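Have a look at the structure below, then the notes.
The values are calculated or read from the model by the stated rules, or taken from the named source; none is laboratory data. Keep in mind the model is a prediction, meaning the values are calculated, not measured. Neighbour counts run over all protein chains shown; Cβ positions are idealised from the backbone, glycine included. We work out accessible area using only protein heavy atoms, side chains counted, and drop any ligands, DNA or RNA first. Shrake-Rupley method; radii C 1.70, N 1.55, O 1.52, S 1.80 Å.
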Amino acid sequence: MLQKIIPLSLLSLTLIGCDDNEDYQAENQVFLSFYPTQTSFPDSAAADELVNFKRLLIANGFERVDITLNQRADGEVPLDEEGQPAHQYAVFRVSYDNSNTFDLYDEQENFLYTTTIYAEDGDQHYCIAIDQHQPQLIESELEMRFPENLSETLDYITHCRELALTQS
């Protein structure tokens, strides 16, 4: 949990630090849950194979945050070598003023896509694909909070994967 707060705290501090007004408080906040689409999985991957997705999110052109998803194409619970639910670093809170632009890159830092959130997008939890996919931001019914554990993180990702299927 602390790993998720530190990069986002830096993002918030950076954005706040750019404003000379000492009374400044970010007006808007969103939660983002990243998920893989079915087309994100390699064709050679078996449905029950654990696939590791690493992405890089760059917010407003300078704040870098790593994303890690361990998923199975069949949507079942991904397990690590010890048989425990696999680590997911997929849910982020972002505070911003009028807008925030996100550039998403793959593991080799190849550009995938850009998306922007605006003031009117605030106070919402969004599902966001880890690969170029339309739409990039899907409004979800997920609460405005971090998952409490790995199991709940998987539930968030599963919700997003299912929601994306209904959008296409």
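Quick notes on this one:
- Number of the condition not met by residue 131 [criteria: (1) assigned to a loop (DSSP other than H, G, I, E, B); (2) more than 18 Å from residue 164 (Cβ to Cβ)]: (2)
- Qualifying positions in segment 114-131 - in contact with a strand residue (DSSP E or B) (Cβ under 8 Å, 6 or more places away or on another chain) and exposed (fewer than 15 other Cβ atoms within 10 Å of the Cβ): 114, 116, 118, 119, 123
- Qualifying residue in segment 60-68 (condition: closer than 21 Å to residue 120 by Cα, assigned to a strand (DSSP E or B) and in contact (Cβ under 8 Å) with a residue 40 or more places away in the chain): no
- Some residue of segment 137-146 being of a type in the set (Lys, Arg) and closer than 21 Å to residue 40 by Cα: no
- So residue 91, is it in contact (Cβ under 8 Å) with a residue 60 or more places away in the chain and under 13 Å from the mean Cα position of the chain (by Cα): yes
- Given (1) open to solvent by 30 Å² or more (accessible area, probe 1.4 Å); (2) in contact with a helix residue (DSSP H, G or I) (Cβ under 7 Å, 6 or more places away or on another chain); (3) not in a loop (DSSP other than H, G, I, E, B), number of the condition residue 138 does not satisfy: (1)
- Boolean, residue 39 is open to solvent by 50 Å² or more (accessible area, probe 1.4 Å) and among the hydroxyl-bearing types (Ser, Thr, Tyr): yes
- Any hit, segment 146-157, residues being out of contact with any Asp or Glu (no Cβ under 6 Å at 6 or more places or on another chain), assigned to a strand (DSSP E or B) and free of Cβ contacts under 8 Å to residues at least 12 places away in the same chain: no
- Residues being closer than 20 Å to residue 38 by Cα and either of a type in the set (Phe, Trp, Tyr) or loosely packed, with under 14 Cβ neighbours inside 10 Å (or both) are represented in segment 93-107 by at least one member.
- Counting only residues that are aromatic (Phe, Trp, Tyr) and over 24 Å from residue 98 (Cβ atoms), segment 122-146 holds 1 of them.
- Residues being among the basic types (Lys, Arg) and surrounded by fewer than 17 Cβ atoms within 10 Å (Cβ to Cβ) - total across segment 149-168: 0
Yes or no, residue by residue, for (1) within 16 Å of residue 85 (Cβ to Cβ); (2) at pLDDT below 95:
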residue	(1), (2)
136	no, yes
140	no, no
145	no, no
149	yes, yes
157	yes, no
162	no, yes
168	no, yes
